Amino acid sequence: MGRERRRLLVANWKMHFVRAQALEYLKIFTERVRNINKTELVLAPPFTLLETVGRELQKTQIKLAAQNLFYERQGAFTGEISPLMLKDLGCHYVIVGHSERRRLFGETDEIINKKLRAALDAEIAPILCVGETLEERRAGRTQQVLEVQIRGALHTPSPPSGRGSPPPLREGLGERSEDLVIAYEPVWAIGTGVNAEPHEAEANALFIRELLAQLFSAEIAQKIRILYGGSVNPANFEGFLRQPNIDGALVGGASLDPEAFAQLAQMAERLSELS
Ligand code: PGA
């Protein structure tokens, strides 16, 4: 039986590169991945590079993502970027709730829920990041943390009082729930060079999928892609790729090197050709 979900590989450039560097990167990367069509490839540059990178990517199969968004469509929100602006630049995806945003910029599950909804409303697919800290892991609380983060991010806000009970979650996200991507990123593995063991990441990805089946339906849960993120590199990626519930990766450090990121893409493609 073929694999149902298309593999997805996302480069999170974080706060790196100016235009000349991005163009140099693209020259190398686009050439190296020209043959890739089974695996979906996505680049998430900083806001300032979305237009430059987006224009180059139009000539390719590679898609564009933003690293963040604000949840209002427009208005007096100095310094923020709206979903409409991202849509205008051709973003297919947006990363929501990355642990760096939770930790350094105070993003709560409530804010993340608003961002997720705003992205879906603008027809931009959200890549929702969840993951436990080292302390939470040591305390054996990983799955509890994942459940709180996912339920919080997907929660449908209650209607104003007097209008009955809140609508079920499925109605809140509607048919677009399949556009959702979840990135399981243990905080202790991000940028540390210490990756999770593939079987441990798989167990948590399976837990997430079972939770999604409860929140949506078994059918939708089977369609939602779950990525692993945290110190992915060409030496450890295959272990993750071979897990049945892991559909690709969100890559930080290794995605800054176009050769290394292209290597990850080729690895995913080879496996997809086999299955
Ligand atoms: P890393 O970052 O690959 O450098 O660990 C992953 C991420 O933050 O998405």
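The values are calculated or read from the model by the stated rules, or taken from the named source; none is laboratory data. Predicted model, so just to flag it, every value in this text is computed and none were measured. Using ideal geometry, Cβ is built from the backbone for each residue, glycine included, and neighbour counts are taken over all protein chains shown.
Yes/no matrix, rows are residues, columns are (1) under 18 Å from the mean Cα position of the chain (by Cα); (2) farther than 29 Å from Arg141 by Cα; (3) outside any loop (DSSP other than H, G, I, E, B):
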{"position": "Ile208", "(1), (2), (3)": "yes, no, yes"}
{"position": "Leu212", "(1), (2), (3)": "yes, no, yes"}
{"position": "Gln222", "(1), (2), (3)": "yes, no, yes"}
{"position": "Ile226", "(1), (2), (3)": "yes, no, yes"}
{"position": "Gly239", "(1), (2), (3)": "no, no, yes"}
{"position": "Gln263", "(1), (2), (3)": "no, yes, yes"}
{"position": "Ser272", "(1), (2), (3)": "no, yes, yes"}
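Kindly indicate whether any position in the range 47-59 is touching a residue at least 24 places away in the same chain (Cβ under 8 Å), farther than 25 Å from Ala249 by Cβ and more than 18 Å from the chain's Cα centre (by Cα). Yes, the range 47-59 has at least one match.
Test Leu134 against the criterion of being over 20 Å from Leu50 (Cβ atoms), without any contact (Cβ under 8 Å) to a residue 12 or more places away in the chain, of a type in the set (A, V, I, L, M) and within 16 Å of the ligand (Cβ to nearest atom), and give yes or no. When the stated conditions are applied, Leu134 does not pass them. Per the conditions (1) among the acidic types (Asp, Glu); (2) within 14 Å of the ligand (Cβ to nearest atom); (3) in contact (Cβ under 8 Å) with a residue 12 or more places away in the chain, the sole criterion not satisfied by Glu269 is (2). Selection of first residues in the range 1-20 that are closer than 29 Å to Ile224 by Cβ and within 16 Å of the ligand (Cβ to nearest atom) and of second residues that are charged (D, E, K, R) and outside any strand (DSSP E or B), restricted to Cβ pairs under 7 Å at least 6 apart or on distinct chains, gives the following pairs, ordered by first then second residue: Leu8/Asp247.
Within the range 71-84, being in contact with a helix residue (DSSP H, G or I) (Cβ under 9 Å, 6 or more places away or on another chain) and either under 14 Å from Leu50 (Cα atoms) or among the charged types (D, E, K, R) (or both) holds for Glu72, Arg73, Ile81, Ser82, Pro83. In the range 200-257, the residue that is nearest to the ligand (Cβ to nearest atom) out of those that are in contact with a Pro (Cβ under 9 Å, 6 or more places away or on another chain) and among the aliphatic types (A, V, I, L, M) is Ala254. Scanning the range 135-149 for residues that are part of a helix (DSSP H, G or I) and under 24 Å from Glu210 (Cβ atoms) yields Glu136, Arg137, Arg138, Thr142, Gln143, Gln144, Val145, Leu146, Glu147, Val148, Gln149. Restricting the first member to the range 174-194 and to residues that are of a type in the set (S, T, N, Q), and the second to residues that are within 16 Å of the ligand (Cβ to nearest atom), the beta-carbon pairs closer than 7 Å and six or more apart or on different chains are Thr192/Ser231.
Taking the criterion of being farther than 23 Å from Tyr93 by Cα, polar (S, T, N, Q) and at pLDDT below 90, would at least one residue in the range 161-169 satisfy it? Within the range 161-169, one or more residues are farther than 23 Å from Tyr93 by Cα, polar (S, T, N, Q) and at pLDDT below 90. So for the range 178-199 (the condition being within 16 Å of the chain's Cα centre (by Cα), modelled with pLDDT of 95 or more, within 15 Å of the ligand (Cβ to nearest atom) and of a type in the set (D, E, K, R)), does at least one residue qualify? Yes.
Might you let me know whether the range 64-78 holds any residue that is hydroxyl-bearing (Ser, Thr, Tyr) and without any contact (Cβ under 8 Å) to a residue 24 or more places away in the chain? Among the residues of the range 64-78, at least one is hydroxyl-bearing (Ser, Thr, Tyr) and without any contact (Cβ under 8 Å) to a residue 24 or more places away in the chain, which makes the answer yes.
Residue under question is Ile246, and the condition is that it be in a helix (DSSP H, G or I) and either buried (at least 16 other Cβ atoms within 10 Å of the Cβ) or in contact (Cβ under 8 Å) with a residue 60 or more places away in the chain (or both); does it hold? For Ile246, the condition - in a helix (DSSP H, G or I) and either buried (at least 16 other Cβ atoms within 10 Å of the Cβ) or in contact (Cβ under 8 Å) with a residue 60 or more places away in the chain (or both) - is not met.
State whether one or more residues within the range 70-90 are surrounded by 18 or more Cβ atoms within 10 Å (Cβ to Cβ), more than 30 Å from Ala218 (Cβ to Cβ), among the small types (Gly, Ala, Ser) and modelled with pLDDT of 95 or more. Checked the range 70-90: at least one residue is surrounded by 18 or more Cβ atoms within 10 Å (Cβ to Cβ), more than 30 Å from Ala218 (Cβ to Cβ), among the small types (Gly, Ala, Ser) and modelled with pLDDT of 95 or more. For beta carbons closer than 6 Å, sequence separation of 6+ or different chains, a first residue in the range 252-264 that is among the polar types (S, T, N, Q) and a second that is surrounded by fewer than 19 Cβ atoms within 10 Å (Cβ to Cβ), the qualifying pairs are Gln263/Pro234.
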